[in-house]
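Read the structure below first, then the notes.
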Amino acid sequence: MSRPRPTLAAVAARAGVALSTASLVYSGSERVAPGTRERVLGAAAELGYGGPDPVARSLRSRRSGIVGAVVGERLMYAFRDPVAVLLLDGITEVLGPLGVGLLLLPGDRERSGPSVAQLSRVPLDAAVYATCGLEDDPALEHLRRRGVPVVAVEGPVADDLVLVGIEDRAGSAALAEHLRDLGHRRVAVVAMPLRLDGTRGPVDAARRSLVHYRDVRERLLGVEQVLGSVPAVEAAANAVEEGERAARALLDRPAATRPTAVVAQSDLLAAGVLRAAAALGLAVPGDLSVVGFDGVDLPWLAPAVLTTAVQPTQEKGRAAGRAAAALIEGRRPDDLVLPVELRVGTTTGPAPAAR
């Protein structure tokens with residue numbers, strides 16, 4: 001038979017202190033003298049006491065000490081995306097010192113299935129909805145019904161959600177203006193997934209009407225605000241391989257009909273466009289200019305320096321962490337939209353002479 005779990009009362013008795021004193025030690029209070037703290041922790045070690053039962057503590061405090069981070073895809077993709085990694089790092093940088101844990105809740109293609117069931121079992125003090133502005137997700141509706149306060153990173157925009165976002169449209173518009181000023185008129189877009197359903201290929205009006213990621217929509221609108229309607233090819237995932245596949249569909253054609261510039265909606269997709277250009281023998285920026293979005297560190301692109309819109313990803317994560325902490329305390333922070341900055345690299349140049 002298993003031994004009964006040691007209790008805090010037993011630890012207090014072994015250390016020769018009051019139960020309330022032992023409790024203060026485990027709450028991190030500075031009101032306990034160092035010698036007393038050491039005596040309590042020594043007694044706990046002798047008895048094999050690992051600390052207060054977190055379930056019982058959460059029942060008493062009515063807090064779980066957990067913030068859920070709902071990410072848009074499987075964790076495999078989230079950890080391959082440097083933007084997602086920096087965002088999560090920024091969140092934990094704020095929440096960690098507060099004693100709040102971050103629980104990653106991955107998305108999937110069937111969010112109405114296991115993910116929602118998982119959410120129904122997890123105790124959460126707040127949630128950071130980090131899905132790039134996914135707007136029709138049953139998981140978000142479930143969090144709302146549960147009354148879990150939500151920080152929406154990039155969206156959706158709603159009165160009951162705290163928005164932490166960036167200037168997606170303005171950033172894409174700046175990239176488009178840069179290309180226009182270089183003389184580019186045949187410009188195409190490699191888009192992130194409009195929906196997480198595995199679709200890839202040209203984006204027609206019917207597909208465009210189904211877009212439910214706010215950042216994808218805003219970045220498309222930013223380009224069109226400057227250049228008007230442009231052809232777009234959708235990638236099935238935000239990955240280098242998908243960017244290369246989409247770019248081949250745009251570039252593997254005669255010079256007179258292919259774009260002279262490609263706007264990729266992320267730096268990972270832009271890296272794929274550069275890979276496709278190299279495979280097709282196209283010089284960058286002589287034959288083709290390429291721009292991305294995010295400003296992440298991709299050292300394996302060297303010596304090329306990607307022209308991109310740099311977003312403050314880690315600060316966005318910190319802002320989301322601060323907003324979640326405020327919600328846990330019962331405060332409703334203001335929405336926050338952070339600026340992005342155009343960074344001109346070596347992947348853009350004047351449009352090639354008409355052929």
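The values are calculated or read from the model by the stated rules, or taken from the named source; none is laboratory data. These numbers come from a predicted model, not from an experiment. Positions of Cβ are backbone-derived with ideal geometry, glycine not excepted, and every protein chain shown enters the neighbour counts.
The table that follows gives values for the structure above.
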| read-out | value |
| --- | --- |
| In region 249-274, the residues that are over 23 Å from L221 (Cα atoms) and surrounded by 24 or more Cβ atoms within 10 Å (Cβ to Cβ) | L274 |
| Every residue from region 250-267 that is in a helix (DSSP H, G or I) and either in contact with a Phe, Trp or Tyr (Cβ under 7 Å, 6 or more places away or on another chain) or at pLDDT below 95 (or both) | D267 |
| Residue within region 317-327 that is in a loop (DSSP other than H, G, I, E, B) and charged (D, E, K, R) present | no |
| Unique match (being in contact with a Leu (Cβ under 7 Å, 6 or more places away or on another chain) and assigned by TED's automatic domain parsing to the domain that holds D81) among V211, V190, V157 | V157 |
| Listing of strands (runs of 3 or more DSSP E) fully contained in region 146-248 that carry 1 or more residues being over 12 Å from Q265 (Cβ atoms) and without any contact (Cβ under 8 Å) to a residue 24 or more places away in the chain | 150-153 |
| Hits in region 275-293 - residues which are in a loop (DSSP other than H, G, I, E, B) and either hydrophobic (A, V, I, L, M, F, W, C) or crowded, with 24+ Cβ neighbours inside 10 Å (or both) | L280, L282, A283, V284, L288 |
